[in-house]
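Here is the structure we will look at, set down as structure tokens.
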Amino acid sequence: MKIARQAGALRLVALVSALVVAAGAQAGEVEVLHWWTSGGEAKAASALKATMQGKGHGWKDFAVAGGGGDAAMTVLKSRVVSGNAPAAAQIKGPSLQEWAAEGVLANMDAVAKAEKWDEVLPKAVSDVMKYKGNYIAVPVNVHRVNWLWANPAAFQKAGAKMPTTWDEFFTAAEALKKAGIIPVAHGGQNWQDFTTFESVALGVGGVDFYKKALVQLDPATLSGATMEKVLATFKRVKSYTDKNAPGRDWNLATAMVIKGEAGMQLMGDWAKGEFIAAGKAPGKDFVCVAAPGTAAAFTFNIDSFALFKIKNADNQKAQSDLAAAIMAPAFQEVFNLNKGSIPVRLGVDLAKFDDCAKLSSKDFVADAKSGSLVPSIAHGMAVPSATEGAIKDVVSQFWNADKMTAKEAQTRLVAAAKTR
Ligand code: GAL
């Protein structure tokens, strides 16, 4: 009896080890660099981790905190230079081409072909994911940047109306201030200053001005009267922020609106991920409206992962599985529900998405048709990274230096725009 039981147990052990070995032959590990560390972001990132683990692969989290990703990009550069690239890294827009030109990115055409990426992605998006015709990256979402987030209870207390123009914005800000509420929640970090700046530029100057000034970097537009007005309006926003804004992380600024300490925040829809993670309901506890003057335009910010050349065959398999998983409809749904963005893949059912996402999706399609879909310069979509960095610095210097005139800032902008 005892011997039979032991033999049975041994057989079970042998069977289990055989299964483990079989699974082990398939399983690899992906190291993934990203900067998604806030509440909503982390939930979205963990959906990716769970998906990979569900496929039997290991997940090595390479999270580098810091909104907008500046810190993450610095760390990534040193890792790649030392020959130790992660399998995937959050890299976006024109930077993808810069990395591909270094020869460090992997060709993902086999996955792209098998998963029909050319058919399920808008061409404007798939073009950015390719280098010399080959896929080197996979997109995960579409964020809209030109949003204003507001706390309706704070507005009610102040007797303020939700603004649709910059004049109405300042009227509401004044009323909130009188009611003892911080009108604008802001974090004084250069990418946040820049995020506010581009929404002001779009709202005050309009789509054509935005394209000429911040996409084509036309010197005459950068030094013209409209840009002067944009800069003056931008600086006026600062007078409605609080004295603790310098250095504050964006999600802490969002938390101020969540708690009603502040009335509004100008931020992309990753902010919605924070409201949702805090259990708040859109339309009831918080409101999303287009940034003043921008209802008929859409500043897009598409998150994507670049896939690096790696050596180990099991890890290469894991990397391909990661790329396929990111584009799968089920993942696109769960990830974007948490992230605040909308699926980048065409035809994903939006039934589970809220009204902010539905509006974003409707406007994305309409603005693509009408030509008012514009790339976010603050989020790496519009110009080379060196140019973006130089312009961003001028914008923040202007925001912070009380004595700099708009004219002076314009002279500096024209110079910065030539940086490559
Ligand atoms: C953006 C990124 C978003 C969000 C945000 C704040 O650049 O595209 O996904 O993470 O930074 O960290």
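The values are calculated or read from the model by the stated rules, or taken from the named source; none is laboratory data. Quick caveat, the model's predicted, so the values are computed rather than measured. Every residue, glycine as well, gets a Cβ built from its backbone with ideal geometry; the counts of neighbours run over all protein chains shown.
Things to note:
- Matching residues, the range 44-68, being touching a residue at least 40 places away in the same chain (Cβ under 8 Å) and within 16 Å of the ligand (Cβ to nearest atom): Ala44, Ala47, Leu48, Gly67, Gly68
- Candidates are the residues of the range 170-224 that are touching a strand residue (DSSP E or B) at 6+ places or on another chain (Cβ under 8 Å) and part of a loop (DSSP other than H, G, I, E, B); the one that is nearest to Pro152 (Cα to Cα) is Ile181.
- Verdict on Thr241 being closer than 28 Å to Thr37 by Cα and β-branched (Val, Ile, Thr): yes
- Among the residues of the range 253-278, those identified as of a type outside the set (Gly, Ala, Ser), more than 13 Å from the ligand (Cβ to nearest atom) and in contact with a strand residue (DSSP E or B) (Cβ under 9 Å, 6 or more places away or on another chain) are Met256, Val257, Ile258, Glu261, Met264, Leu266, Phe275, Ile276.
- From Ala153, Ala137, residue being over 30 Å from Ala172 (Cα atoms) and touching a residue at least 24 places away in the same chain (Cβ under 8 Å): Ala137
- From the options Gly187, Gly224, Gly205, Gly180, residue that is in contact with a Phe, Trp or Tyr (Cβ under 6 Å, 6 or more places away or on another chain) and either among the aromatic types (Phe, Trp, Tyr) or modelled with pLDDT of 95 or more (or both): Gly187
- Among the criteria (1) hydrophobic (A, V, I, L, M, F, W, C); (2) away from the ligand (no atom under 16 Å from the Cβ); (3) surrounded by 20 or more Cβ atoms within 10 Å (Cβ to Cβ), the one Trp250 does not fulfil is (2).
- Here the range 82-101 is the region considered, the condition is being within 18 Å of the chain's Cα centre (by Cα) and not polar (S, T, N, Q), and the residue that is nearest to the ligand (Cβ to nearest atom) is Lys92.
- When the range 129-168 is filtered for residues that are more than 16 Å from the ligand (Cβ to nearest atom) and small (Gly, Ala, Ser), the ones remaining, listed by number, are Gly133, Ala150, Ala153, Ala154, Ala158, Gly159, Ala160.
- Of the residues making up the range 122-137, those that are farther than 16 Å from Asn301 by Cβ and either among the hydrophobic types (A, V, I, L, M, F, W, C) or in contact with a helix residue (DSSP H, G or I) (Cβ under 7 Å, 6 or more places away or on another chain) (or both) are Ser126, Tyr131, Asn134, Tyr135, Ile136.
- Selection from the range 130-147 of residues that are among the hydrophobic types (A, V, I, L, M, F, W, C), assigned to a loop (DSSP other than H, G, I, E, B) and within 16 Å of the chain's Cα centre (by Cα): Val140, Val145
- Scanning the range 339-362 for residues that are surrounded by fewer than 22 Cβ atoms within 10 Å (Cβ to Cβ) and over 21 Å from Asp127 (Cα atoms) yields Asp349, Leu350, Ala351, Lys352, Phe353, Asp354, Asp355, Lys358, Leu359, Lys362.
- Exactly one residue among Glu41, Glu115 is within 14 Å of the ligand (Cβ to nearest atom), of a type in the set (Asp, Glu), buried (at least 19 other Cβ atoms within 10 Å of the Cβ) and closer than 21 Å to Ile302 by Cβ, and that residue is Glu41.
- Only residues that are more than 21 Å from the chain's Cα centre (by Cα) and in a loop (DSSP other than H, G, I, E, B) were counted across the range 48-81, and they come to 3.
- Subset tally (residues that are acidic (Asp, Glu) and closer than 19 Å to Ala160 by Cβ) for the range 246-265: 1
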